[in-house]
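Nothing in this text is a laboratory measurement; each read-out follows from the coordinates by a stated rule. Small disclaimer: the values here were computed from a predicted structure and weren't measured. Here the Cβ is made from the backbone with ideal geometry for all residues, glycine too, and neighbour counts use every protein chain on show.
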Amino acid sequence: MTSASMGKGFVLGLLTAGALMATARVAAAEEGEATYPVPSAPLHFADAPATPTAAKQSRQVRFDERPFAIVSILGFASPVGLAGAGAQYSLAEAVTVGAAVGVNNVGPQFAGYVNLRPLHWSTSKVAIGVGPQIAYAAGPYVGFEVPIPGAHGESSPSSYPPHDAQWIQLDLGVEVQSKSGFVFRFSHGAARMLNPRGECGTAGGFCDYANGRSDDDLLFTTSLTLGYAFGAG
């Protein structure tokens, strides 16, 4: 076979192959086959929204979420004396104001107070706060009887007739409010009488009180507050 014949055969083979490829493409198009571009970036599916139950469980408890509370107060020299009840309102997470009425060993006592929580933490179960309470209280008061030197070197009791005493109180306490609304606060502090008097109730008693103050014008206090808070649960 000559070189010319070989060249013609090679060209004929190329033409035949091209014709076959064109025929195949036409057939594929007629059968409806098509190609689609492959995306250059991976597909992104939006995260499923959180269910209401999961969102409620993850919400943090706050003091001002249930701002209004009814409370009972027990203690020694507490703002309401020995026992009482009151209402309070949380203006913010760190501030609560309240008013209460109670009884001491003589009669009724009235009080207004402010709870401050400069330190506070929130969890899904409870809110916890630490801070002072500043209270003003007023009511009848009788001083404790204490032996003092009498006119002739003897001991005689010193006691006050009841009078309307006014007190300023400062304490430091720990406060807890649960998700269900339970309120708890426990504190220790001191109360100072604002209007002390130095006269004795016993004739002939020695009444030389330093600066017009008696031994019980300053009282150390203990208070326990229990209650229930209302608001959006």
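A few remarks follow.
- Segment ALA85-PHE68, extension gain: residue separation times 0.36 nm, minus the distance between their alpha carbons: 4.7 nm
- Residues SER180, SER78, arranged from fewest to most other Cβ atoms within 10 angstrom of their Cβ, appear as SER180, SER78.
- Full extension of the chain between LEU218 and THR123 gives 30.4 nm of extra length, using 0.36 nm per residue less the Cα-Cα distance.
- Note that region 68-125 carries a Kirkwood radius of 12.3 Å, evaluated over its alpha carbons pair by pair.
- Neighbour counts of C-beta atoms inside 10 Å place TRP167, TRP121 in the sequence TRP121, TRP167, starting with the fewest.
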